[in-house]
Amino acid sequence: MFKSLSPTMSAHRRAVLQALLVTFLWSTSWVLIKIGLVELPALTFAGLRYTLACLCLLPLFLRSPAAAALRNLAPGQWGRLALLGVVMYTLTQGAQFLALTLLPTVTVNLALSLTSIVVALLGIGLLGERSSRVQWAGIIISVVGAVVYLYPVQLAGNMALGMGVAVLGMVSNAAASLLGRSINRSSALPPLAVTVVSMGIGGPLLLVGGLLQQPWPALSWSHWLIVAWLAVVNTAFAFTLWNHTLRTLSAAESSVINNSMLVQIPLLAVIFLGESLSAQEVAGLAVAVVGMLAVQLGGRRTTVRKAA
């Protein structure tokens, strides 16, 4: 179903267009989440999205060779997958949804985009990876861009709380990236198996946490439509299509395409959410984009996907 763009189009060009479609879908998630959060509790909303997405992926998973790979897993490997689910979905996605209730979309996007910097720094000690000079320069440039965007820093009330939650989401996202890289590097588990198991643990935990905090919300048809679209299209379908493109695209190409979300999300937030960007904020974002590209492309490093 992924070859319907054109029978004469090259496999590489088709993969690029498919990857760009995925990043666009992931970018629209931020707009839909912000709209849904007007009435939906953040943790329940996030839990519904990823629990339903896991249920959508489950039939595909059970019919694939990936399901057989789980039969011989040791208890320690199950534990690592469970930990990945808690960190990647329960903590990271929970923090993202909560931060979006307190901060503008563009600010949360910038905070989570700094994940690649944290991954580069933590990867030195935890995975024995070394950053190149280009990557170190990219880290410095990204920090400068973030400072330009936020200056002058005025965090009062919910803004301070929101930044704290966003930073928690960034750190947990970085931890999930490192843990996921370690699991994929040290085991023969297919990516689909890792995703379904971790999402199947983290998503329901997030949903239960939300329901313990607040009772089941009254969902209108529009709420269900947003949740269903995010789960089926922007998560289950987009994830499957992204992994399909990785068969053709290099890690560097995937990194560049993935980072296009840094531009797409602010544009969508301005157009559909009525958020505004000053010239200084645009400049800060531009500088941060350059730095993050340098971090990801300056060495042979696995693409870090943002939470979307």
Give the distance, in whole Å, between the Cα centre of region 59-105 and the Cα centre of region 161-183. 13 Å
Of the DSSP H helices in the chain, those whose Cα atoms cover at least 18 Å axially and whose Kyte score averages -1.0 or more: 11-36, 42-62, 133-150, 158-186, 191-213, 279-297
Distance in nm between pseudo-label sites at Val31 and Leu246 (7 Å out along the Cβ direction from Cα): 2.7 nm
Cα convex hull of region 60-210: mean projected area in nm², to one decimal? 10.7 nm²
The chain, dipole about Cα centre (Lys/Arg Cβ +1, Asp/Glu Cβ -1), debye to the nearest 20: 980 debye
Extension gain from Gln214 to Tyr151, taking 0.36 nm per residue of separation minus the Cα-Cα distance: 19.1 nm
Considering Cα pairs under 8 angstrom that are at least six residues apart, work out the relative contact order of region 11-297 and quote it in whole percent. 45 percent
Based only on other Cβ atoms within 10 Å, what is the fewest-to-most ordering of Thr51, Thr28? Thr28, Thr51
Output needed: percent of Cα pairs per 10 Å distance bin for the chain, bins running from 0 to the one holding the longest distance. 6, 26, 37, 24, 6, 0
Between Arg13 and Ala283, what length in nm is gained on full extension when 0.36 nm per residue of separation is reduced by their alpha carbon distance? 94.1 nm
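Computed from the coordinates by the stated procedures, all read-outs in this text should not be read as laboratory data. Quick caveat, the model's predicted, so the values are computed rather than measured. Reconstructed Cβ throughout: ideal geometry from the backbone, glycine too, with neighbour counts over all protein chains shown.
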